[in-house]
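Below is one structure, written out as structure tokens; comments come after it.
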Amino acid sequence: MSRSIVSRSLIAFCFLLVLWPSPGRTPGKRYLNENAVRARAGLLMLTAVAVVIVLLQIENPRFLIYTVAPVAGWDMLSGAIFGLTPFAPYGIAGTLLAWGKAPEWKPAGPKRFAWTLGFFMVCICVVMGALRLRIGTVAVC
């Protein structure tokens with residue numbers, strides 16, 4: 001009984017350490033699990049669709065600037081800097097969704113560049129939302 005508790009605790013403790021980008025076969029390059037990246041992208045797409053629906057339905061959707069935008073922006077920025085985990089909330093959720101599948105390692109460089117662009121798009125959406133440019137915000141998001 002105590003052995004299973006120790007092993008569970010060890011798995012929980014190592015969770016964040018195991019999920020860092022894997023060092024690849026090429027020295028100095030990093031790789032990410034493509035399955036986790038795709039799961040994260042799906043979660044972000046669901047969030048974007050929900051935001052667009054809210055923008056089109058609600059008269060004053062300024063609460064999105066204070067709730068969804070910081071989470072999405074932080075996820076994009078931390079994903080670009082650190083990778084999928086341990087600081088990106090959608091990255092952790094995507095990694096958990098892809099936990100059972102065998103990892104497919106792909107280079108991290110193009111994904112990090114795309115996440116940097118995503119961070120700037122979130123910033124543009126926040127500025128347009130603060131200026132109450134609803135159509136521009138829907139077009140960018």
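Summary of computed values
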item: Exposure proxy ranking, count of Cβ atoms within 10 Å, fewest first, for Leu56, Leu84; result: Leu56, Leu84
item: Note, ³J(HN,Hα) from phi for the range 125-131, Karplus 6.51, -1.76, 1.60, rounded to Hz, x at Gly and Pro; result: 4, 5, 5, 5, x, 5, 8
item: 5 angstrom amide H check on Ala108, placed H, neighbours 5+ away; result: Arg30, Tyr31, Leu32
item: Percent RCO, i.e. relative contact order, over the range 54-141, from Cα pairs under 8 Å lying at least 6 residues apart; result: 31 percent
item: Area projected by the alpha carbon convex hull of the range 54-141, averaged over all directions, nm²; result: 6.5 nm²
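Each value in this text was obtained by applying a stated rule to the coordinates, not by laboratory testing. Bear in mind the structure is a predicted one, so any value in this text is a computation, not a measurement. Methodologically, a virtual Cβ is constructed for each residue, glycine included, from the backbone with ideal geometry; neighbour enumeration extends over all protein chains shown.
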